[in-house]
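Scroll down for the structure; my scribbles are underneath it.
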Amino acid sequence: MKSTHGVRTLIGDHRGQGLSAWLAPLSSSGLAVDVSQTLGATLTYLADSAPHVLVLDALTRGCHVELTRITEELDRAHSAVLLVVDPADPVPTIAAARILGDLPYDLVHRGAPLEEYQLRIEHLCERLTSHGDLVEARYRAMHDDLTDLLRPKAFNARLYEHFSATQRHDLPMALVLMDLDSFGAVNKTFDHTTGDRLIAEVGRTIGDFLRAEDVGGRLGGDEFAMLLPYTGRVDAAHVVQRIRQRIERISARWDAPSAIQISTSIGFETYDGKDLDSVATLRDHAEQALKKAKAKGGNCGVYFRTPDEPDSREANPAPFAPLAPNQ
């Protein structure tokens, strides 16, 4: 984006001291200009649309409240901020550096000529394009190409974060490890294209199943993982039962190149903030439970602490209430 033609610009004229009238001629240069005169109107606009550039003349001195609220609604990947400041007041400049530090933003003096505003909007648009590319690159670095689930390193980082939070707040969590049964036979019978399609379908199934607070990852090959915050043993068992069934149902709708029987072995362990000493122990327990599930013949789930209980195929748990209705 090298010109301002078609650039959506929102003028947040919160002070009402004539900024919108001063910048009105910008529309003749190809800018699509809208105006909001209160913080509430600006937040409503941001919730409904994503302007390329928000030109903000903040009402409050220091603009901390306005900038904080605005950054909560702003599309960080596609929007930039041009903050109007007074040369004699350094407070907004400091606030912008602290609150807008990870966003494309710029400062412009209140009395700057119209051409200066236009030039800074153009520069922000160029930076915004680079910023969007960076956001996309970071996302792709963290997420698996086939499944869009987290890559191993990113998943492990989230696991450490949630383990630490559970230690601090005594909120339960569960780690679920999954391994597709006889996946090697798929690649031998068909080809890697079919195997990739199957991995992608399993990834979508897991992604659609997760709650907003859950974390899904592809650990490699046909190995997957789910991190379930605020989830104790009983609820985790319900989740294991239901995701096992979801993956097994893929077989019924798989029609190319021919029928494939799909199932998964699942091992899981829980942590209440006190009963395990480390992430390594949590993961080792889940891996041991997964091996037990494999030894049982697959297509089942095993909880590490009660590995000899009936497997998840024989259980008939009540619905798992915290899950969304479509799960």
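Points to keep in mind about this one:
- A200 versus T306: modelled label distance in nm, points set 7 Å from Cα along the beta carbon direction: 4.0 nm
- Charge dipole (the chain, unit charges on Cβ, about Cα centre) - positive-most of F163, L10, Q118: F163
- Peptides 9-19, 191-201 ranked from most to least packed by the mean count of surrounding Cβ atoms within 10 Å: 9-19, 191-201.
- Within the chain, the ratio Rg/Rh, alpha carbon atoms throughout and Rh by Kirkwood, equals 1.13.
- Cα-projected label distance for A157 with D34, points at 7 Å along beta-carbon direction, nm: 3.3 nm
- Whether the stretch 12-132 is rounded, prolate or oblate, judged on the alpha carbon gyration tensor where a/c under 1.5 counts as rounded: rounded
- Simple label model, 7 Å out from Cα along Cβ direction - D277 to L119, nm: 6.5 nm
- MRE, 222 nm, helices only [DSSP H, n ≥ 4, -39500 (n - 2.57), over the chain, to nearest 500]: -14500 deg cm²/dmol
- Between the stretch 23-42 and the stretch 142-168, the alpha-carbon center distance in angstrom: 41 Å
No lab work stands behind these numbers, since they all come straight from the coordinates. Computed from a predicted model, the values in this text were never measured in an experiment. Because the Cβ atoms are built from the backbone with ideal geometry, glycine has one as well, and the counts that use them run over all protein chains shown.
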